[in-house]
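Inspection log for the structure reproduced underneath, given as structure tokens.
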Amino acid sequence: MTERKKALCLLHIFPSFAMGGQQRRLASLVAGLGDDFSHRILSLDGETGASALLDPARARAEAFPFAKSSLVSFQNLKRFGGILREETPDVLCTYNWGSLEAAIANRLGPKVPHVHHEDGFGPDELAGEQKARRILARRALLKKSFVTVPSTGLFRIANEVWRLDPARVSRNPVGVDLSRYAAPARLYDRAPVTVAAIGALRKEKNFARLIAAFARADQGKRARLVIYGDGPQGDALRGLAAQSPAADRISLAGPTAAAQAALAAADIFALSSDTEQTPISLIEAMAAGLPAVATDVGDIRAMVSAANAAFIAAAGDDDAYAAALAALIEDAALRERLGRANLARSGAFDESAMIESFRALYMRASGRT
């Protein structure tokens, strides 16, 4: 009788495991990769809200608070080294700039196979405005690591700016379980019109832009705006919403573990970020048959249907953004045309391709291929 191989153990180091696209992607991977993999997730800011998305039999997330540092804290390195020796993972998975001290500890100590997931930049380091120190740090620290990115822009940056080994950089697709979001009986002429946004309440998501645009776009008071999410900008955004001329039609509903229910109740999806790559929330909205208004950042224009591309406004052109939102609020037939086109386009983002792509990456990194 053939002995079954031990599950591949992945140790995931997240700057935060609060609800967000990166965390939702991992939840899909945990489910899709199945019993061939086990997962331990550490959250460096202590937030573990996205645990609600996980199958507890296959993954667990825990707070692992650490001292903030500009790059290196010897105390942090000691703690990371200790957890790596304790866990003895087959693969160390780090996420974005805020987890790279774990990569340093690994280089100094256990030297576990390492996959770094780079999904974008915060407000202090937008694409094209990266700090030289961080470029050099990534170039040095990730030299022998596998690096995965979701977008064409980040793939170019990893190769041309960070100058990483092209053989170790991959652009892995982003996908969702499309069947969870299908709304075959969707009505496009409901009243009031509900505009929905989903995302962490952080500065780079620029929900302030959306709140201001909504007040300008809904002059006829035909719509309401619901923002799902939590984060450091929460109090400031609630203050902006309270001061808006449309205050009675704007609500901040907190984070949601059921994006499909939020999108089923919506008529328009809105994304107002200053920086994105391939946002999962947009794919989910398309799979739910929603039209979208968004900023032209990352791969967003290429993600949506050709019909919806005209409603992707240049980042910083708040007049165009408000006008696009107004057009969708006012025209049910337009909402239906774009929503159906996006639903058809969403077929390109089925999660099966994502799961198999990451399975191959983790197996290759571990040396089991």
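The values are calculated or read from the model by the stated rules, or taken from the named source; none is laboratory data. Just so it is clear, the model here is predicted, and its values are computed rather than measured. Virtual Cβ from ideal backbone geometry, glycine too; neighbours counted across all protein chains shown.
Some observations on this one:
- Qualifying residues in segment 346-360 (those that are buried (at least 19 other Cβ atoms within 10 Å of the Cβ) and under 16 Å from SER305 (Cβ atoms)) - the one farthest from the chain's Cα centre (by Cα): SER346
- Residue selected from segment 295-307 under the condition more than 15 Å from the chain's Cα centre (by Cα) and crowded, with 24+ Cβ neighbours inside 10 Å, by the criterion farthest from GLY339 (Cα to Cα): THR295
- Selection within segment 165-188 - under 18 Å from VAL91 (Cβ atoms) and not in a strand (DSSP E or B): ASP165, ALA167, ARG168, ASN172
- Matching residues, segment 261-282, being among the acidic types (Asp, Glu) and either farther than 23 Å from VAL149 by Cβ or part of a helix (DSSP H, G or I) (or both): ASP267
- Residue in segment 169-177 that is over 17 Å from the mean Cα position of the chain (by Cα) and under 25 Å from SER273 (Cβ atoms) present: yes
Rundown of residues vs (1) within 22 Å of ALA217 (Cα to Cα); (2) crowded, with 24+ Cβ neighbours inside 10 Å; (3) among the charged types (D, E, K, R), yes/no style:
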residue: ASP230; (1), (2), (3): no, no, yes
residue: GLN233; (1), (2), (3): no, no, no
residue: ALA236; (1), (2), (3): yes, no, no
residue: ALA253; (1), (2), (3): yes, no, no
residue: ALA262; (1), (2), (3): yes, no, no
residue: ALA265; (1), (2), (3): yes, no, no
residue: PHE269; (1), (2), (3): yes, yes, no
residue: GLY289; (1), (2), (3): yes, yes, no
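- Looking across segment 202-228 at every residue that is under 18 Å from LEU263 (Cα atoms) and touching a Pro at 6+ places or on another chain (Cβ under 8 Å), the one that is surrounded by the fewest Cβ atoms within 10 Å (Cβ to Cβ) is identified as ARG224.
- The one condition from (1) under 22 Å from THR278 (Cα atoms); (2) of a type in the set (A, V, I, L, M); (3) not in a strand (DSSP E or B) that ILE104 does not meet is (1).
- Filtered residue count, segment 5-54, keeping only those that are farther than 18 Å from ALA259 by Cβ and surrounded by fewer than 21 Cβ atoms within 10 Å (Cβ to Cβ): 13
- Flag for ALA242 being among the small types (Gly, Ala, Ser), surrounded by fewer than 18 Cβ atoms within 10 Å (Cβ to Cβ) and modelled with pLDDT of 95 or more: yes
- Selection within segment 312-341: residues that are aliphatic (A, V, I, L, M), buried (at least 17 other Cβ atoms within 10 Å of the Cβ) and touching a Pro at 6+ places or on another chain (Cβ under 8 Å). The member of this set that is nearest to GLY220 (Cα to Cα) is LEU328.
- Odd one out for ALA285, checked against (1) within 17 Å of the chain's Cα centre (by Cα); (2) in a helix (DSSP H, G or I); (3) surrounded by fewer than 18 Cβ atoms within 10 Å (Cβ to Cβ): (3)
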